[in-house]
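A short worksheet on the structure shown next.
The values are calculated or read from the model by the stated rules, or taken from the named source; none is laboratory data. Note that the structure is predicted; figures quoted are calculated from it, not measured. Cβ placement follows ideal geometry from the backbone for every residue including glycine, while neighbour counts extend to all protein chains displayed. Areas reflect the complete protein model, heavy atoms only, side chains present, ligands, DNA and RNA absent. Shrake-Rupley method; radii C 1.70, N 1.55, O 1.52, S 1.80 Å.
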Amino acid sequence: MSNQPLIKVEGLRKLYPIDGGVFRKPSSFNHAVDGLNFEIGHGESLGLVGESGCGKSTTGKMLVKLFEPSDGSVKLQVGDSYINVSNIDRNSRKDFRRNVQMIFQDPYESMNPRMTIFDIVGEPLAVQDIGTISEREERVAEFLEMVGLTPASSFMFRYPHELSGGQRQRVAIARALVIEPAFVVADEPTSMLDVSIRTGVMKLMQDLAERLNVTYLYITHDLAVARYMCDRIAVMYLGKIVEIGPTEELLSNPRHPYTKALLSAVPIPDPRIKRDAVQIEGGISKAIDPQPQCRFYARCPIRDEHCKTHDHPPLEVKGNGMQVACYKVPVE
Amino acid sequence: MTNSSSNRSNGGSSVWQARWALFRKSAAANWALFAENPVGLIGLGIILFFLLLVILHPILLNTVWDPNVYNPINGFDPQSPVNPAPPSARHLLGTAPQGQDILSQLMFSARNEFILAVLAATVTVTMTTTLGAIAAYYGGVIDNVIMRIVDLVIMVPALSILIVVSGLFELSIVQLALVIGLISAFGASTVVIKSQALSIKVKPYIEAARVAGGGDFHIIFRHLLPNLMPIALLYMMFSVTGAIFSEAVLAFLGLLEVDMSWGIMLNTTRNLGFILDFSNRWYLIFPAGLSITLLSSAFYLVGRALDEIVNPRLRQR
């Protein structure tokens, strides 16, 4: 069991119809997520990076079954077998909800303003009928202290609006972990926090991951955050993974032109160092009925005729554990 | 989870204690806001005044007032054979055309008005919030069916429906309350509450609840409804006004099978031809008419004051 991945994603697609109505079938689609294949091992944390609108949040929400995929499957290992998330029966639904949780981006909007912290953190327990109310109270207190909200008794019966952003995100983490899930999707959990408290929250997430043996899918647009949090990184562009590999290798030796461009946009905190800026043209668009050619073709600095006439390149191992989707990147 | 269980394992009562304390705290805070508003206090004062009349009436009948003389429905005073009679020491608001004491009628009717108002408003509010929440949450066909019924009911004036219904069936006050409640449940407030529910439905905490494992029922009753409650309470106050007014109109038109109400008092006055003689027979018209106006505007005023608590933007800074 230990060598098998916890999550297997195969051919995951999400298409949004653009037009169409009651009597007309939609003729064009926004390919928000288009054929993702990846695996996440036990205890590993995979970073999903990319620009706004590239489909990373949609992917995350499909993994926690907030959205139904249009095609493809997500498989979660429970015990010795895999359950197919998109085609789930009553019993495995329970297993699924106990094992998968999500941390949301906005700590202000992801909590019901009329519920106390106890009710918010205890909601997964209450909904899934775990323990009596006094057992739940102890468990919530235990997790609040675990995320650094001490003493728990002074936070339990307060409302979210009485807490700061950092404290709220700690509450959100406690809530996601209180049923001790195996897998947590973290959708930019630190992007709305002050830089000064960001590191604290990230460190907390790492500590808890180790302690409770949690596997993360960490969605972010910040490469520095991804470097800190993740063992592997997948770079997404217009619904496709263009490059995936171990964090250090990907960041120090990027192979895909888009990854190179992303990295060159990260500022270096030393004015004397000059880096070769990778220029890419234009802006990100939407993948509405994409042409059968490389998604990055219009903006790619190394494109040629082959890229134009052939469909989007498949992810291929190009050396050192890196998989890259590009015709022009040589195999090492 | 082990060492501290001994002092806390009393069936979660500490949780309920904490909740009770929170509830009291928020109630106190809301009362403080409400008390700042003279409009709301005036409304509340009027409502309390009429409640007092309701409570006093049976007490008076059992102590000071002779039941034969002061019975609101068939009482008759042998000492004042000419009816209607203007106010006197014996009959503070005069007597009705058939000899009943008007003050007693007024006090007795107040009870009916409260039963009607509270029942109709409760039915309305329960149904509008549930319908609005369900329409917003499920969308699609369910939403369409509910909202088209609402459109239909808004289009046809409620009063004409009421007149038809009370013409077909002899309605008691409780039945009338249910009918009024049902009709206003498919009224404009459902549209407002649905739009509110739509804005709550897209909040991330709804998604968070779903990830936590909450089903539709949990999300509607634990997340949507509590957040709709303030605005629903507001519409409850406004629908009370509508219920009292509708009852008065129906009774005045003689379409109601009720032993006594303010509308019936006016109806009797009209039937016996006193309604146009305001200068001489004001005591037949004034008490009932003023009571209808006062009580329905009192609920409206309380509603306005609640509005300012619910929507802080309306508050004066």
Between 0 and 90°, nearest 10: helix B:262-271 axis offset from chain B longest Cα axis:
30 degrees
For the pair B and A, total buried accessible area rounded to nearest 100 Å², probe 1.4 Å:
2800 Å²
Relative contact order of chain A, defined on C-alpha pairs under 8 angstrom at six or more residues apart (%):
20 percent
Let's test the formula: R0 of 22 Å, r as the Cβ-Cβ distance of A:LEU263 and A:SER191. What FRET efficiency results, to the nearest 0.05?
0.75
Å² per residue, accessible surface of segment A:231-332 at 1.4 Å
54 Å²
Only helical DSSP H runs with n ≥ 4 go in: add -39500 (n - 2.57) per run for chain A, normalise by residue count and round the 222 nm mean residue ellipticity to 500 deg cm²/dmol.
-9000 deg cm²/dmol
Quote the accessible area belonging to A:SER153 in square angstrom, nearest 10, computed with a 1.4 Å probe and with ligands, DNA and RNA left uncounted.
100 Å²
Accessible surface, segment A:51-198, averaged per residue in Å² (probe 1.4 Å)
38 Å²
Give the relative contact order (percent, whole number) for segment B:9-163; include only Cα pairs under 8 Å separated by 6+ residues.
13 percent
Do the sum for chain B: with -39,500 (n - 2.57) for every DSSP H run of n ≥ 4, divided by all residues, what is the mean residue ellipticity at 222 nm, to the nearest 500 deg cm²/dmol?
-24000 deg cm²/dmol
From the backbone phi of segment B:161-176, what are the Karplus-calculated ³J(HN,Hα) couplings (6.51 cos²θ - 1.76 cosθ + 1.60, θ = phi - 60°) in whole Hz, Gly and Pro given as x?
4, 4, 4, 4, 4, 6, x, 7, 10, 7, 8, 7, 5, 5, 4, 4
To the nearest 20 Debye, how big is the dipole of chain B about its Cα centre, given +1 on the beta carbon of each Lys and Arg and -1 on that of each Asp and Glu?
1340 debye
Whole-Hz ³J(HN,Hα) for each residue in segment A:256-273, computed from phi via Karplus 6.51 cos²θ - 1.76 cosθ + 1.60 with θ = phi - 60°, x for glycine and proline: what do you get?
6, x, 5, 4, 4, 5, 4, 5, 6, 7, 7, x, 9, x, 8, x, 7, 7
Please calculate the 1.4 Å probe accessible area of B:ILE275, with all protein chains present, and give it to the nearest 10 Å².
50 Å²
Taking only the alpha carbons of the protein assembly as shown, what extent do you get along each of the three principal axes, in Å, biggest first?
118, 64, 53
Carbon and sulfur together cover what percent of the accessible area of segment A:231-332 at a 1.4 Å probe radius?
53 percent
Just check segment B:81-188 against the gyration tensor rule for me: Cα atoms, a ≥ b ≥ c as the square roots of the eigenvalues, rounded for a/c under 1.5, and otherwise prolate or oblate depending on whether a/b exceeds b/c.
prolate
Compare the Cα positions of B:THR122, B:LEU106, B:PHE252 along the charge dipole of chain B (+1 at Cβ of Lys, Arg; -1 at Cβ of Asp, Glu; about the Cα centre) and return the one farthest towards the positive end.
B:THR122
What does the average come to when, for each residue of peptide A:131-143, you count the partner chain Cβ atoms lying within 10 Å of its Cβ?
4
Greater than 28 Å separation of Cα atoms is the criterion. Which listed pairs, A:LYS203/A:LYS328; A:LYS65/B:LYS25; A:LYS61/B:LYS201; A:LYS65/A:LYS328, meet it?
A:LYS203/A:LYS328; A:LYS65/B:LYS25; A:LYS65/A:LYS328
Largest first, how would B:TRP282, B:TRP31 line up by accessible area (1.4 Å probe)?
B:TRP31, B:TRP282
Given a 1.4 angstrom probe, I'd like the percentage of the accessible area of segment B:237-314 that is carbon and sulfur, rounded to a whole number.
62 percent
In degrees, nearest 10, the alpha-carbon axis of helix A:117-127 is tilted away from the dominant principal axis of the alpha carbons of chain A by 80 degrees
Of the options B:VAL150, B:ALA177, A:MET236, report the single residue whose Cα projects farthest towards the positive end of the charge dipole of the protein assembly as shown (beta-carbon charges: Lys, Arg +1; Asp, Glu -1).
A:MET236
Using a probe radius of 1.4 Å on heavy atoms only, what accessible surface per residue do you get for chain B? Whole Å² is fine.
50 Å²
I need the peptides A:119-126, A:11-18, B:161-168 ranked by packing, meaning the mean over residues of other C-beta atoms within 10 angstrom, with the highest value on top.
A:119-126, A:11-18, B:161-168
Relative to chain B, whose Cα atoms define the longest principal axis, helix B:38-62 and its Cα axis are tilted in degrees, nearest 10, by 50 degrees
Quick one: dipole size for the protein assembly as shown, taken about the Cα centre, charges +1 on Lys/Arg Cβ and -1 on Asp/Glu Cβ, in debye to the nearest 20.
820 debye
